[in-house]
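The values are calculated or read from the model by the stated rules, or taken from the named source; none is laboratory data. Computed from a predicted model, the values in this text were never measured in an experiment. FYI the Cβ positions are ideal-geometry reconstructions off the backbone, even for glycines, and counts take in every protein chain you see. All accessible areas refer to the heavy atoms of the entire protein, side chains included, with ligands and DNA or RNA removed. Shrake-Rupley method; radii C 1.70, N 1.55, O 1.52, S 1.80 Å.
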Amino acid sequence: EKGGYDYFMLKEIAEQPRAVADTLLGRIDASGSLRLDELRISAAELREVDKVVIVACGTAFHAGMIAKYAIEHWTRIPCEVELASEFRYRDPILDPRTLVIAISQSGETMDTLMAVRHAREQGSKVLAICNTNGSTIPRESDAVLYTHAGPEVAVASTKAFLTQLVACYLVALYLGQARGTKWGDEIRAVIRDLSQISREVGRVLRTMEPVRELARSLADKDTVLFLGRHVGYPVALEGALKLKELAYMHAEGFAAGELKHGPIALIEEDLPVVVVVPSPRGRSVLYDKIVSNIQEIRARGARTIVIAEEGDTAVEPYADHLIRIPATPTLLQPLVATVPLQVFACELATARGNEVDQPRNLAKSVTVE
Ligand code: F6R
(Lines give C-alpha, C1' and ligand atoms only; values in the text may rest on other atoms or scores of the structure.)
Protein backbone atom coordinates (compact mmCIF):
# COMPACT_ATOMS: atom_id res chain seq x y z
CA GLU A 1 0.00 0.00 0.00
CA LYS A 2 3.01 2.28 0.30
CA GLY A 3 3.56 1.70 -3.42
CA GLY A 4 7.20 0.70 -3.02
CA TYR A 5 8.12 3.60 -0.73
CA ASP A 6 9.48 3.09 2.78
CA TYR A 7 7.01 5.56 4.25
CA PHE A 8 3.62 6.98 3.37
CA MET A 9 5.16 10.41 3.66
CA LEU A 10 7.61 9.67 0.83
CA LYS A 11 4.78 8.33 -1.30
CA GLU A 12 2.65 11.37 -0.58
CA ILE A 13 5.48 13.78 -1.38
CA ALA A 14 5.95 11.97 -4.69
CA GLU A 15 2.22 12.15 -5.44
CA GLN A 16 2.20 15.95 -5.33
CA PRO A 17 2.35 16.68 -9.08
CA ARG A 18 -0.67 14.44 -9.54
CA ALA A 19 -2.51 15.88 -6.51
CA VAL A 20 -1.99 19.42 -7.80
CA ALA A 21 -3.16 18.48 -11.31
CA ASP A 22 -6.22 16.68 -9.93
CA THR A 23 -7.19 19.70 -7.84
CA LEU A 24 -7.16 21.87 -10.98
CA LEU A 25 -8.98 19.32 -13.11
CA GLY A 26 -12.28 20.55 -14.54
CA ARG A 27 -11.94 23.93 -12.86
CA ILE A 28 -10.34 25.81 -15.77
CA ASP A 29 -12.45 25.96 -18.94
CA ALA A 30 -11.28 25.90 -22.57
CA SER A 31 -11.14 29.70 -22.69
CA GLY A 32 -8.79 29.81 -19.68
CA SER A 33 -11.43 31.09 -17.23
CA LEU A 34 -12.20 29.50 -13.89
CA ARG A 35 -15.37 27.47 -13.44
CA LEU A 36 -16.25 26.95 -9.81
CA ASP A 37 -20.04 26.49 -10.11
CA GLU A 38 -19.62 23.78 -7.46
CA LEU A 39 -19.19 26.56 -4.88
CA ARG A 40 -22.88 27.36 -5.11
CA ILE A 41 -22.11 30.99 -4.24
CA SER A 42 -23.32 33.24 -7.05
CA ALA A 43 -21.12 35.84 -8.73
CA ALA A 44 -23.57 38.45 -7.34
CA GLU A 45 -22.99 37.18 -3.79
CA LEU A 46 -19.24 37.20 -4.33
CA ARG A 47 -19.39 40.81 -5.46
CA GLU A 48 -21.04 41.68 -2.13
CA VAL A 49 -18.19 40.25 -0.04
CA ASP A 50 -16.33 43.06 1.72
CA LYS A 51 -14.02 41.04 3.96
CA VAL A 52 -12.49 37.57 3.91
CA VAL A 53 -11.47 35.78 7.10
CA ILE A 54 -9.48 32.56 6.87
CA VAL A 55 -9.40 30.11 9.78
CA ALA A 56 -7.28 26.97 10.05
CA CYS A 57 -4.70 25.16 12.19
CA GLY A 58 -1.12 24.02 11.66
CA THR A 59 -0.10 23.42 8.07
CA ALA A 60 -3.52 24.48 6.81
CA PHE A 61 -3.00 27.80 8.60
CA HIS A 62 0.21 28.30 6.62
CA ALA A 63 -1.78 27.75 3.42
CA GLY A 64 -4.18 30.41 4.71
CA MET A 65 -1.35 32.87 5.29
CA ILE A 66 -0.30 32.48 1.67
CA ALA A 67 -3.93 32.80 0.55
CA LYS A 68 -4.11 36.22 2.21
CA TYR A 69 -1.36 37.57 -0.06
CA ALA A 70 -3.15 36.18 -3.12
CA ILE A 71 -6.65 37.32 -2.14
CA GLU A 72 -5.66 40.86 -1.25
CA HIS A 73 -3.51 41.23 -4.35
CA TRP A 74 -5.97 39.86 -6.91
CA THR A 75 -9.24 41.02 -5.36
CA ARG A 76 -8.39 44.07 -3.22
CA ILE A 77 -10.74 42.66 -0.56
CA PRO A 78 -9.26 42.92 2.95
CA CYS A 79 -8.36 39.47 4.21
CA GLU A 80 -7.45 38.31 7.69
CA VAL A 81 -6.07 34.93 8.57
CA GLU A 82 -6.27 33.55 12.04
CA LEU A 83 -5.56 30.37 13.95
CA ALA A 84 -8.94 28.74 14.44
CA SER A 85 -8.19 28.15 18.12
CA GLU A 86 -7.70 31.90 18.70
CA PHE A 87 -10.48 33.15 16.47
CA ARG A 88 -13.53 31.95 18.32
CA TYR A 89 -12.44 33.13 21.72
CA ARG A 90 -11.88 36.78 20.89
CA ASP A 91 -15.31 37.92 19.69
CA PRO A 92 -14.29 38.48 16.04
CA ILE A 93 -16.17 41.04 13.92
CA LEU A 94 -18.26 39.14 11.39
CA ASP A 95 -21.38 39.91 9.38
CA PRO A 96 -23.24 38.59 6.34
CA ARG A 97 -20.80 40.33 3.96
CA THR A 98 -17.82 38.51 5.49
CA LEU A 99 -16.72 35.39 3.65
CA VAL A 100 -15.10 32.95 6.05
CA ILE A 101 -12.83 30.32 4.52
CA ALA A 102 -12.07 27.28 6.68
CA ILE A 103 -9.14 25.16 5.49
CA SER A 104 -8.83 21.58 6.75
CA GLN A 105 -7.40 18.40 5.27
CA SER A 106 -9.37 16.07 7.53
CA GLY A 107 -12.52 18.17 7.86
CA GLU A 108 -12.67 17.01 11.48
CA THR A 109 -10.34 19.41 13.32
CA MET A 110 -12.32 20.54 16.35
CA ASP A 111 -10.82 24.03 16.59
CA THR A 112 -11.62 24.73 12.95
CA LEU A 113 -15.11 23.26 13.25
CA MET A 114 -15.86 25.48 16.25
CA ALA A 115 -14.68 28.52 14.27
CA VAL A 116 -17.02 27.54 11.42
CA ARG A 117 -19.97 27.24 13.79
CA HIS A 118 -19.19 30.57 15.38
CA ALA A 119 -18.94 32.32 12.00
CA ARG A 120 -22.27 30.92 10.81
CA GLU A 121 -23.97 31.97 14.02
CA GLN A 122 -22.89 35.53 13.19
CA GLY A 123 -24.51 35.22 9.75
CA SER A 124 -21.31 34.92 7.71
CA LYS A 125 -21.04 32.57 4.77
CA VAL A 126 -18.49 29.82 5.24
CA LEU A 127 -16.56 28.20 2.43
CA ALA A 128 -14.67 25.03 3.39
CA ILE A 129 -11.50 23.97 1.58
CA CYS A 130 -11.26 20.32 2.50
CA ASN A 131 -9.71 17.04 1.38
CA THR A 132 -12.14 14.58 2.95
CA ASN A 133 -15.47 14.02 1.26
CA GLY A 134 -18.48 14.21 3.51
CA SER A 135 -16.51 15.14 6.63
CA THR A 136 -17.96 17.40 9.31
CA ILE A 137 -16.50 20.80 8.33
CA PRO A 138 -17.83 20.75 4.74
CA ARG A 139 -21.16 19.40 5.96
CA GLU A 140 -21.52 22.32 8.34
CA SER A 141 -20.35 24.95 5.83
CA ASP A 142 -22.36 26.85 3.20
CA ALA A 143 -20.08 25.76 0.38
CA VAL A 144 -17.08 23.54 -0.21
CA LEU A 145 -14.18 23.37 -2.60
CA TYR A 146 -12.62 19.94 -2.31
CA THR A 147 -8.90 19.46 -2.73
CA HIS A 148 -8.25 16.28 -4.67
CA ALA A 149 -5.06 15.13 -2.95
CA GLY A 150 -6.39 11.63 -2.32
CA PRO A 151 -6.10 10.07 1.14
CA GLU A 152 -3.22 11.46 3.21
CA VAL A 153 -2.02 8.82 5.67
CA ALA A 154 1.26 10.20 7.05
CA VAL A 155 0.62 12.44 10.04
CA ALA A 156 2.74 15.24 8.58
CA SER A 157 0.80 17.02 5.88
CA THR A 158 2.47 17.32 2.46
CA LYS A 159 0.30 16.79 -0.61
CA ALA A 160 -2.74 18.16 1.22
CA PHE A 161 -0.83 21.41 1.77
CA LEU A 162 0.03 21.85 -1.90
CA THR A 163 -3.57 21.20 -2.90
CA GLN A 164 -4.83 23.61 -0.22
CA LEU A 165 -2.62 26.23 -1.86
CA VAL A 166 -4.08 25.41 -5.28
CA ALA A 167 -7.62 25.68 -3.90
CA CYS A 168 -6.77 29.02 -2.25
CA TYR A 169 -5.35 30.38 -5.50
CA LEU A 170 -8.48 29.20 -7.33
CA VAL A 171 -10.72 31.01 -4.85
CA ALA A 172 -8.60 34.18 -4.99
CA LEU A 173 -8.50 34.20 -8.79
CA TYR A 174 -12.21 33.38 -9.02
CA LEU A 175 -13.08 36.23 -6.67
CA GLY A 176 -10.87 38.49 -8.77
CA GLN A 177 -12.50 37.24 -11.97
CA ALA A 178 -16.03 37.72 -10.56
CA ARG A 179 -15.31 41.22 -9.36
CA GLY A 180 -13.31 42.32 -12.40
CA THR A 181 -10.35 44.06 -10.75
CA LYS A 182 -7.62 45.85 -12.64
CA TRP A 183 -5.57 42.66 -12.54
CA GLY A 184 -7.65 40.95 -15.26
CA ASP A 185 -4.66 40.30 -17.55
CA GLU A 186 -2.50 39.11 -14.70
CA ILE A 187 -5.28 36.82 -13.47
CA ARG A 188 -5.55 35.21 -16.92
CA ALA A 189 -1.77 34.79 -17.10
CA VAL A 190 -1.61 33.24 -13.62
CA ILE A 191 -4.41 30.80 -14.47
CA ARG A 192 -2.25 29.69 -17.41
CA ASP A 193 0.82 29.32 -15.18
CA LEU A 194 -1.18 27.45 -12.56
CA SER A 195 -2.38 24.97 -15.17
CA GLN A 196 1.30 24.13 -15.92
CA ILE A 197 2.59 24.12 -12.34
CA SER A 198 2.26 20.43 -11.58
CA ARG A 199 5.03 19.78 -14.11
CA GLU A 200 7.29 22.19 -12.21
CA VAL A 201 6.55 20.39 -8.93
CA GLY A 202 7.60 17.19 -10.69
CA ARG A 203 10.85 18.82 -11.81
CA VAL A 204 11.66 19.83 -8.24
CA LEU A 205 11.11 16.27 -7.06
CA ARG A 206 13.63 14.94 -9.55
CA THR A 207 16.42 17.13 -8.15
CA MET A 208 16.12 16.28 -4.45
CA GLU A 209 19.16 14.02 -3.94
CA PRO A 210 21.49 16.86 -2.81
CA VAL A 211 18.79 17.97 -0.34
CA ARG A 212 18.67 14.48 1.17
CA GLU A 213 22.44 14.41 1.42
CA LEU A 214 22.46 17.80 3.12
CA ALA A 215 19.74 16.69 5.57
CA ARG A 216 21.74 13.61 6.56
CA SER A 217 24.80 15.78 7.20
CA LEU A 218 22.80 17.89 9.68
CA ALA A 219 21.39 15.00 11.70
CA ASP A 220 23.34 15.90 14.84
CA LYS A 221 22.35 19.59 14.90
CA ASP A 222 20.07 20.97 17.62
CA THR A 223 18.54 23.91 15.81
CA VAL A 224 17.64 24.97 12.29
CA LEU A 225 16.22 28.40 11.46
CA PHE A 226 14.09 29.31 8.44
CA LEU A 227 13.74 32.77 6.92
CA GLY A 228 11.45 34.13 4.24
CA ARG A 229 9.62 37.27 3.19
CA HIS A 230 6.22 37.81 1.57
CA VAL A 231 4.86 34.36 0.62
CA GLY A 232 8.28 32.94 1.51
CA TYR A 233 7.52 33.71 5.15
CA PRO A 234 4.71 31.15 5.56
CA VAL A 235 6.89 28.72 3.58
CA ALA A 236 9.61 29.24 6.21
CA LEU A 237 7.06 28.59 8.98
CA GLU A 238 5.95 25.41 7.22
CA GLY A 239 9.55 24.22 6.82
CA ALA A 240 10.11 24.75 10.54
CA LEU A 241 6.88 22.97 11.50
CA LYS A 242 7.79 19.93 9.38
CA LEU A 243 11.18 19.74 11.07
CA LYS A 244 9.74 20.02 14.59
CA GLU A 245 7.14 17.35 14.11
CA LEU A 246 9.32 14.89 12.20
CA ALA A 247 12.90 15.42 13.40
CA TYR A 248 11.99 16.63 16.93
CA MET A 249 14.46 19.45 16.45
CA HIS A 250 14.21 23.01 17.55
CA ALA A 251 13.19 24.81 14.39
CA GLU A 252 11.82 28.30 13.95
CA GLY A 253 10.59 30.29 11.01
CA PHE A 254 10.97 34.06 10.87
CA ALA A 255 10.00 36.88 8.58
CA ALA A 256 13.44 37.88 7.33
CA GLY A 257 12.68 41.54 7.98
CA GLU A 258 12.34 40.74 11.68
CA LEU A 259 15.90 39.45 11.95
CA LYS A 260 17.36 42.68 13.24
CA HIS A 261 14.49 43.05 15.73
CA GLY A 262 15.73 40.10 17.74
CA PRO A 263 16.34 36.73 16.08
CA ILE A 264 19.72 37.73 14.66
CA ALA A 265 21.04 37.30 18.22
CA LEU A 266 20.55 33.56 17.73
CA ILE A 267 22.99 33.36 14.84
CA GLU A 268 26.23 31.61 15.76
CA GLU A 269 29.03 29.73 14.05
CA ASP A 270 27.76 26.91 11.81
CA LEU A 271 24.05 27.34 12.67
CA PRO A 272 22.05 26.07 9.67
CA VAL A 273 19.70 28.76 8.34
CA VAL A 274 17.39 28.02 5.43
CA VAL A 275 16.45 31.09 3.40
CA VAL A 276 13.61 31.15 0.87
CA VAL A 277 14.52 33.70 -1.78
CA PRO A 278 11.81 35.34 -3.89
CA SER A 279 12.10 35.66 -7.63
CA PRO A 280 14.70 38.24 -8.72
CA ARG A 281 12.23 39.38 -11.40
CA GLY A 282 9.51 41.86 -10.58
CA ARG A 283 9.81 42.38 -6.86
CA SER A 284 13.39 43.59 -6.87
CA VAL A 285 13.17 45.55 -3.60
CA LEU A 286 12.14 42.46 -1.70
CA TYR A 287 14.79 40.42 -3.45
CA ASP A 288 17.60 42.85 -2.62
CA LYS A 289 16.55 42.92 1.01
CA ILE A 290 16.66 39.19 1.43
CA VAL A 291 20.03 38.96 -0.29
CA SER A 292 21.39 41.43 2.24
CA ASN A 293 19.79 39.37 5.05
CA ILE A 294 21.72 36.35 3.77
CA GLN A 295 24.95 38.36 3.79
CA GLU A 296 24.25 39.57 7.35
CA ILE A 297 23.72 36.11 8.80
CA ARG A 298 26.61 34.61 6.88
CA ALA A 299 28.93 37.32 8.17
CA ARG A 300 27.97 36.09 11.66
CA GLY A 301 28.89 32.52 10.85
CA ALA A 302 25.57 30.97 9.82
CA ARG A 303 25.65 28.04 7.42
CA THR A 304 23.32 29.35 4.69
CA ILE A 305 21.00 26.97 2.88
CA VAL A 306 19.47 29.04 0.10
CA ILE A 307 16.38 28.11 -1.88
CA ALA A 308 16.49 30.23 -5.04
CA GLU A 309 15.11 30.30 -8.55
CA GLU A 310 17.02 28.72 -11.41
CA GLY A 311 19.12 31.37 -13.07
CA ASP A 312 19.43 33.51 -9.95
CA THR A 313 23.21 33.92 -9.88
CA ALA A 314 23.36 36.89 -7.49
CA VAL A 315 22.80 34.66 -4.42
CA GLU A 316 25.51 32.16 -5.33
CA PRO A 317 28.39 33.84 -3.45
CA TYR A 318 26.41 33.80 -0.19
CA ALA A 319 25.00 30.28 -0.33
CA ASP A 320 26.85 27.50 1.45
CA HIS A 321 24.23 25.20 -0.03
CA LEU A 322 22.04 26.17 -2.97
CA ILE A 323 18.72 24.49 -3.66
CA ARG A 324 17.28 25.38 -7.05
CA ILE A 325 13.56 25.74 -7.80
CA PRO A 326 11.89 26.61 -11.12
CA ALA A 327 10.90 30.19 -11.88
CA THR A 328 7.21 30.83 -11.13
CA PRO A 329 5.02 33.91 -10.65
CA THR A 330 5.79 35.33 -7.18
CA LEU A 331 2.52 34.28 -5.55
CA LEU A 332 2.78 30.70 -6.83
CA GLN A 333 6.34 30.14 -5.58
CA PRO A 334 5.24 28.30 -2.39
CA LEU A 335 4.08 25.37 -4.57
CA VAL A 336 7.68 24.68 -5.58
CA ALA A 337 9.57 26.15 -2.60
CA THR A 338 7.86 23.96 0.02
CA VAL A 339 8.78 20.66 -1.62
CA PRO A 340 12.53 20.70 -0.74
CA LEU A 341 11.60 21.53 2.87
CA GLN A 342 9.33 18.48 3.08
CA VAL A 343 12.08 16.24 1.69
CA PHE A 344 14.61 17.85 4.06
CA ALA A 345 12.48 17.17 7.15
CA CYS A 346 11.62 13.63 6.10
CA GLU A 347 15.25 12.72 5.46
CA LEU A 348 16.45 14.33 8.69
CA ALA A 349 13.83 12.42 10.65
CA THR A 350 14.95 9.17 9.03
CA ALA A 351 18.61 9.96 9.74
CA ARG A 352 17.73 10.55 13.40
CA GLY A 353 15.92 7.21 13.56
CA ASN A 354 12.45 8.69 14.03
CA GLU A 355 9.18 7.15 13.01
CA VAL A 356 8.35 9.27 9.93
CA ASP A 357 4.68 8.44 9.42
CA GLN A 358 3.73 8.46 13.11
CA PRO A 359 5.67 11.17 14.95
CA ARG A 360 5.52 10.96 18.74
CA ASN A 361 2.63 12.70 20.51
CA LEU A 362 0.78 13.58 17.29
CA ALA A 363 -2.48 12.38 15.74
CA LYS A 364 -3.57 12.72 12.14
CA SER A 365 -6.73 14.56 12.99
CA VAL A 366 -7.17 16.54 16.16
CA THR A 367 -10.78 16.10 17.16
CA VAL A 368 -10.42 17.63 20.59
CA GLU A 369 -9.78 21.27 21.47
C1 F6R B 1 1.25 19.34 10.13
C2 F6R B 1 -0.10 18.85 10.33
C3 F6R B 1 -1.04 19.60 11.22
C4 F6R B 1 -2.38 19.80 10.51
C5 F6R B 1 -3.40 20.48 11.46
C6 F6R B 1 -4.72 20.77 10.75
O7 F6R B 1 1.99 18.52 9.28
O8 F6R B 1 -0.46 17.84 9.77
O9 F6R B 1 -0.48 20.83 11.59
O10 F6R B 1 -2.16 20.59 9.38
O11 F6R B 1 -3.62 19.66 12.55
O12 F6R B 1 -5.31 19.59 10.29
P13 F6R B 1 -6.51 19.63 9.27
O14 F6R B 1 -5.99 20.19 7.99
O15 F6R B 1 -6.95 18.20 9.12
O16 F6R B 1 -7.57 20.52 9.85
Exercise. Report the FRET efficiency, 1/(1 + (r/R0)^6), for Glu369 and Tyr5, where r is their Cβ-Cβ distance and R0 is 41 Å, rounded to 0.05.
Key: 0.75
Quiz item: For Val285 and Ser31 in the same chain, what is the full-extension length gain: residue separation times 0.36 nm, less their Cα-Cα distance, in nm?
Solution: 88.0 nm
Self-check item: Spin-label pair Ile93/Thr207, simplified geometry with 7 Å Cα→Cβ offset, distance in nm
Solution: 4.6
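Which translational diffusion coefficient, to the nearest whole µm²/s, is obtained for the stretch 168-207 from the Stokes-Einstein equation, given a Kirkwood hydrodynamic radius over C-alpha pairs, 20 °C and 1.002 mPa s?
D, rounded to a whole number, is 193 µm²/s.
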Quiz item: Per the helix-only calculation at 222 nm, which mean residue ellipticity applies to the chain, given -39500 (n - 2.57) for every DSSP H run of n ≥ 4 and division by its residues, nearest 500 deg cm²/dmol?
Solution: -14000 deg cm²/dmol
Exercise. Give me the accessible area per residue for the chain, probe 1.4 Å, as a whole number in Å².
Key: 40
Practice problem: Give the angle, between 0 and 90 degrees and rounded to the nearest 10, that separates the Cα long axis of helix 284-299 from the longest principal axis of the Cα atoms of the chain. | Solution: 30
Self-check item: R0 of 30 Å, Cβ-Cβ distance Arg117-Gln358: FRET efficiency to nearest 0.05
Solution: 0.50
Quiz prompt | Net dipole in debye of the chain [+1 Lys, Arg Cβ; -1 Asp, Glu Cβ; about Cα centre; nearest 20] | solution = 640
Quiz prompt | Coarse-grained scattering of the stretch 194-249 at q = 0.21, 0.28 Å⁻¹, given as base-10 log I(q)/I(0) from a Debye sum over alpha-carbon atoms | solution = -1.01, -1.12
Self-check item: D (Stokes-Einstein, µm²/s), Kirkwood Cα radius, the stretch 62-131, 1.002 mPa s at 20 °C
Solution: 172
Self-check item: Signed unit charges on C-beta, dipole axis of the stretch 219-369, positive-most listed residue Thr330, Gly228, Gly239
Solution: Thr330
Quiz item: Which of Ala345, Gly257, Thr313 sits farthest toward the positive end of the charge dipole of the chain, with +1 on the Cβ of Lys and Arg and -1 on the Cβ of Asp and Glu?
Solution: Thr313
Quiz prompt | Unit Cα scatterers, Debye sum, the stretch 218-334: log10 I(q)/I(0) for q = 0.19 Å⁻¹ | solution = -0.97
Quiz item: So what's the projected area for the stretch 17-160, the Cα convex hull averaged over all directions, in nm²?
Solution: 8.6
Self-check item: Pairwise FRET efficiency - Arg199 versus Thr223, Cβ, R0 = 25 Å, nearest 0.05
Solution: 0.10
Quiz item: What nm distance separates the two modelled labels at Asp185 and Arg300, each placed 7 Å from Cα along Cα→Cβ?
Solution: 4.3
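Compute the Rg to Rh ratio over the stretch 228-267 from the alpha carbon atoms, using the Kirkwood formula for Rh, and round to two decimal places. Please list the in-between numbers first.
Numbers: Rg = 10.5 Å, Rh = 10.4 Å.
Rounded to two decimals, Rg/Rh equals 1.01.
For the stretch 133-184, which trypsin sites (Lys or Arg not before Pro) are both in a DSSP coil and crowded by at most 13 other Cβ atoms within 10 Å?
Values: sites: Arg139, Lys159, Arg179, Lys182; in loops: Lys182.
When the trypsin sites (Lys or Arg not before Pro) of the stretch 133-184 are filtered for loop state and at most 13 Cβ neighbours within 10 Å, Lys182 remain.
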Quiz prompt | Unit Cα scatterers, Debye sum, the chain: log10 I(q)/I(0) for q = 0.09, 0.11 Å⁻¹ | solution = -0.48, -0.73
Self-check item: Kirkwood Rh and Cα Rg combined as Rg over Rh, evaluated for the stretch 142-182
Solution: 1.12
